[in-house]
Amino acid sequence: MSERVSIIVPTRNEAENIEPLVRQIFENLTPHEIIFVDGDSSDGTRDVVHRLSASAPIKLLAQDRHPPGLAAAIMAGARAAEGGTLVVMDADLSHPPERINDLLGPLAANEADMVVGSRYIKGGSTSGWPLWRKILSRGGAAIAYPLTGVHDAMCGFFAIRRARLLEISPPTVGFKIAFETIIRARSTMRIREVPIQFRDRERGKSKMSFGIALRFFGRWLAAVFHRLAK
């Protein structure tokens, strides 16, 4: 892409994954910047980011406790970004950096306003997951589909124009910001899905929990009632 690309990576206790993630990103793309938005890590994540920032276009944003959470981190990164195009991805190496250019392609060709990395279209996969997590993820994607028309609105790996995301301004109280963005944009958003092979983390501890699933279900119910009211 001729336009500058900012990559936003929320982190919390991901020190072991930062360096390999940065290396893999630069093997596939030369971004304008990588913005790590750290949520009170206690394992030295910020130290690793600071060290890498001495020799690469890397920034660290320390996320305040209020408002906390993943969506707030991503929106903070979007506001601080200098690039006109944003790529949002996790720090745990589950989102494949080699697919970043596939997310950017439809935006560059003006064929989409948002491109989502999808585990649940042909060519996508979630290898290595336990059965309970597959059921939880598939169930979440299934109940989101009637509202979004997207097979994997729950995935946190997506590309979007910075101005568009800031214009939509999804709520920062949620966990699944792609879902929140699509819901708020309604039918004005052209969305493309590209298949990804979602990898289970090798280092660190997953942030997924039953409580997070319940919070998403609450957001889904709120979206349903809002849609019916309209």
Charge tally for neighbours of Gly139 with beta carbon under 14 Å away, counting Lys, Arg as +1 and Asp, Glu as -1, is +4
Residues His95, His50, His32 in order from fewest to most other beta-carbon atoms within 10 Å are His50, His32, His95
Note, the stretch 84-100: 3J(HN,Hα) by Karplus (6.51, -1.76, 1.60, θ = phi - 60°), whole Hz, Gly/Pro = x, goes x, 10, 10, 10, 10, 8, 7, 8, 8, 6, 7, 8, x, x, 5, 9, 4
Taking the alpha-carbon centre of each part, the distance from the stretch 37-107 to the stretch 108-179 in Å is 17
Packing-ranked peptide list from 187-196, 5-14, 73-82, 51-60, highest mean Cβ count within 10 angstrom first, is 5-14, 73-82, 187-196, 51-60
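Here, each number is a calculation from the coordinates, and none is a lab measurement. As the structure is a computational prediction, the values presented were derived from the model and not from experiment. Because the Cβ atoms are built from the backbone with ideal geometry, glycine has one as well, and the counts that use them run over all protein chains shown.
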